[in-house]
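See structure below.
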Amino acid sequence: MKRAIVMGGSYGGLFAARVLSDHFDDVVVMEPDVVGADGLGRRAPQRHQLHALLSMGHTQLERWFPGITDELVRSGARLGAGTDVQFYLDGRLKAPVAGARMLGATRPFLESHLRRRVLAIPNVRISQTRATGLVFRAGGVVGVKASTPDTEDGCEGGETVDAAFVVDAMGRNSPLEDWLVRHGWSKAPVDGMRIDLGYATAAFRRGDELGSTVIAHSSPGPASDYLPTSTEPGALAAVEGDRWSVVLAGYADHRPGPDREEFLRRMRRCVAPIRRVADLCEMIGEVRTYRFLESRRRVHSRLTRFPSGLAVVGDALASVNPVYGQGLTLASLEANALNAYLRSAPSLRDPAWDYFRLAEAVVNSAWQLSTAADLAQPHVSGPYPRGYRAQKWVADRLTEASVRDAAVNARYMGVVNMELRPKALTDVRFLARAARVLLSS
Ligand SMILES: Cc1cc2nc3c(=O)[nH]c(=O)nc-3n(C[C@H](O)[C@H](O)[C@H](O)COP(=O)(O)OP(=O)(O)OC[C@H]3O[C@@H](n4cnc5c(N)ncnc54)[C@H](O)[C@@H]3O)c2cc1C
């Protein structure tokens, strides 16, 4: 096979490029952003926010980039296990999950290591260009139009680069759908849920105020009706550069703002580790905010026509409520789906339906979990799935049992960490154990 092009060189695009390098002679990643030494870039402003990598995402990272965990830790990231990783629900600390590990690192740091590893692959190169359109022939995509970043936005000019396969990794606001419509194709049907979430992240100097803690995460649960009445939702991570990264989140009128004093006041209403950082550590720099209005996924399998030679990954495919930390893990699992599809030696003259089916199965698990949890928020107005009330009743009880029992928590967190499908929570023996836990305490 010849050339593959990935449009977008952020986390999703880099993972896709790694996979494509096993299947194509030449892989070009088109990315207009010059990501500087700070690793931030301009077009993915969510990079400023604290990013947690779920266990499954970490497993995939190490699978595709062996040794990267050691490399990250040697450069200053922290790796937590056992009691270093603390999850609080309604202010109560949950039992640690045996064997679970979590990285403490900022998103730019993680991504810069990923980029370095991808750039070291001999048949991958990153081109500082903006994709401006697609070239179609005989029902398929055969190339990408590209311009240098300083030419006008959205122009369909520039050079044309031929490709046997093209991947859209241009993020949540990908222009792909507009390009498709312009050439007579339909947009993929979209599922959406308006959640109106606000995020704010700040950095603090890190000493030994929290011992070996790497992650502390706190969220409201059934006891507080999922509202921030007893404790504020938030999280901290010990990250490279001897810093704490602290994030606060809130919905609708409770969105956190950029004011430093208000951020500190709010941290003091969080669980103990976050309060302690507010009291003992110096805040560095400004508070960065981000507003996330809607979870959204595109469902290509509901289309009847789609051009061949084209796939979509990362946020361009699905972008879900970030409080559940699923985005990076989803991008890596979609890259796995791409690998499985390409290994099946498909005809690239046919649409990549098999890829979309595999990727959508992964997205579906994340979507089920995040939207079911979001529907517990009073300001979220649906759409409600059939049987929602009964599902919520069971989910509330399971969540409560996960605080009281380590075995229930292990499976519960397995689903949260995307190591298990949500279906794992419907196993009869598991449900019976959760019921016994609730009845006996
Ligand atoms: C506030 C917030 C917090 C989050 N926290 C977490 C978390 O804790 N854990 C987690 O796993 N996920 C988290 N996420 C989700 C995560 O950020 C995304 O899932 C992830 O960034 C998706 O990567 P991507 O490569 O698909 O898209 P993006 O990271 O958005 O990158 C898109 C890339 O496409 C490029 N691009 C755009 N247009 C063009 C073009 N025309 N041509 C070529 N390139 C183009 C951009 O420059 C950019 O580099 C969070 C998201 C938000 C909003």
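The values are calculated or read from the model by the stated rules, or taken from the named source; none is laboratory data. Every value quoted in this text rests on a predicted model; they were computed, and no experiment measured them. Every residue, glycine among them, receives a Cβ derived from its backbone with ideal geometry; neighbour counts consider all protein chains shown. Keep in mind that these areas ignore ligands, DNA and RNA; they rest on the heavy atoms of the full protein, side chains included. Shrake-Rupley method; radii C 1.70, N 1.55, O 1.52, S 1.80 Å.
With every protein chain kept in the model, how would you rank 384, 355, 324 by accessible area, 1.4 Å probe, largest at the top? Before the final figure, lay out each step's value.
Values: 384 120, 355 0, 324 65 Å².
Heavy-atom accessible area, descending, gives 384, 324, 355.
Hey, with R₀ at 41 Å, roughly what FRET efficiency would residue 353 and residue 43 work out to, going by the Cβ-Cβ distance, to 0.05? Let's see the in-between values first.
Details: r = 30 Å, r/R0 = 0.73.
Calculated transfer efficiency: 0.85.
Can you give the alpha-carbon Rg of region 386-439 over 2.2 N^0.38 Å, where N counts its residues? Before the final figure, lay out each step's value.
On the way: Rg = 10.5 Å, N = 54, 2.2 N^0.38 = 10.0 Å.
Cα-based Rg divided by the globular estimate yields 1.05.
Given labels modelled 7 Å from the Cα in the Cβ direction, how far is it in nm from residue 372 to residue 138?
Each label point lies 7 Å from its Cα, and together they span 4.6 nm.
What FRET efficiency, computed as 1/(1 + (r/R0)^6) with R0 = 45 Å and r the Cβ-Cβ distance, is obtained for residue 81 and residue 183, rounded to the nearest 0.05?
Details: r = 50 Å, r/R0 = 1.12.
The calculated FRET efficiency here is 0.35.
Return one number: the angle in degrees, 0 to 90 and rounded to the nearest 10, between the long axis of the Cα atoms of helix 428-439 and the longest principal axis of the Cα atoms of the chain.
Tilt relative to the chain: about 30 degrees.
Which of 169, 320, 98 sits farthest toward the positive end of the charge dipole of the chain, with +1 on the Cβ of Lys and Arg and -1 on the Cβ of Asp and Glu?
Toward the positive end, the furthest listed residue is 98.
Using a 1.4 Å probe on the protein heavy atoms only, what accessible surface does residue 413 show? Give it in Å² to the nearest 10.
Ignoring ligands and nucleic acids, residue 413 comes out at about 10 Å².
What is the gain in length, in nm to one decimal, between residue 73 and residue 391 on full extension, counting 0.36 nm per residue of separation less the C-alpha to C-alpha distance? Spell out each step's value before the answer.
Working: separation 318, 0.36 × 318 = 114.48 nm, distance 4.05 nm.
Stretched fully, the residue 73-residue 391 segment lengthens by 110.4 nm.
What is the packing order of peptides 43-56, 254-267, taking the mean over residues of other C-beta atoms within 10 Å and listing the highest first? Intermediate values should be presented prior to the final figure.
Values: 43-56: 21.6, 254-267: 16.6.
Output ranking for 43-56, 254-267: 43-56, 254-267.
Under the rule of -39500 (n - 2.57) per DSSP H run of 4 or more residues, summed and divided by the residues of the chain, what mean residue ellipticity at 222 nm is obtained, to the nearest 500 deg cm²/dmol?
Values: 12 runs with 143 residues, N = 441.
That calculation yields -10000 deg cm²/dmol at 222 nm.
Using a cut-off of 15 Å between beta-carbons, work out the net charge of the residues near residue 293 (Lys and Arg +1, Asp and Glu -1, residue 293 not included). Before the final figure, lay out the partial values.
Numbers: positive: 172, 194, 255, 291, 296, 297; negative: 191, 196, 253, 294, 315, 374.
Result for the neighbourhood of residue 293: 0.
Please work out the average accessible area per residue across the chain, using the 1.4 Å probe convention, and give it in Å².
On the way: 19060 Å² over 441 residues.
About 43 Å² of surface per residue is accessible.
Just to check I understand the Karplus step: with θ = phi - 60° and J = 6.51 cos²θ - 1.76 cosθ + 1.60, what whole-Hz values come out for region 226-234, glycine and proline as x?
6, 10, x, 7, 8, 9, 6, x, x
Among residues other than residue 420 whose Cβ falls under 11 Å from its Cβ, what is the net charge (Lys/Arg +1, Asp/Glu -1)?
Working: positive: 411, 421, 423; negative: 419, 427.
Counting the neighbours of residue 420, the net charge comes to +1.
If Lys and Arg each add +1 and Asp and Glu each add -1, what is the summed charge of the other residues whose beta carbon sits under 10 Å from the beta carbon of residue 189? Provide the component values of the computation, followed by the final result.
Values: positive: 187, 297, 298, 302; negative: 191.
Surrounding charge for residue 189 is +3.
Please state the shape class of region 201-262: rounded when a/c is under 1.5, otherwise prolate if a/b exceeds b/c and oblate if not, all from the C-alpha gyration tensor. Intermediate values should be presented prior to the final figure.
On the way: a/c = 2.99, a/b = 1.56, b/c = 1.92.
Oblate, because a/c is 1.5 or more while a/b does not exceed b/c.
So if R0 is 45 Å, what FRET efficiency would residue 223 and residue 121 give, r being the distance between their Cβ atoms, rounded to the nearest 0.05? Show your work: numbers first, answer last.
Numbers: r = 49 Å, r/R0 = 1.09.
Computed FRET efficiency for residue 223 and residue 121: 0.40.
Which order do 121, 126, 68 take by accessible area at a 1.4 Å probe, largest first? Could the numbers behind the result be given before it?
Numbers: 121 30, 126 60, 68 0 Å².
Order by accessible area, largest first: 126, 121, 68.
Please state the shape class of the chain: rounded when a/c is under 1.5, otherwise prolate if a/b exceeds b/c and oblate if not, all from the C-alpha gyration tensor. Spell out each step's value before the answer.
Numbers: a/c = 1.80, a/b = 1.45, b/c = 1.25.
Cα axes put the chain in the prolate bin.
What's the carbon and sulfur percent of the chain's accessible surface, probe 1.4 angstrom, rounded to a whole number?
The C+S portion of the solvent-accessible surface of the chain is 51 percent.
For 185, 244, 393, what's the largest-to-smallest order of accessible area, 1.4 Å probe?
On the way: 185 35, 244 5, 393 150 Å².
These residues rank, largest area first, as 393, 185, 244.
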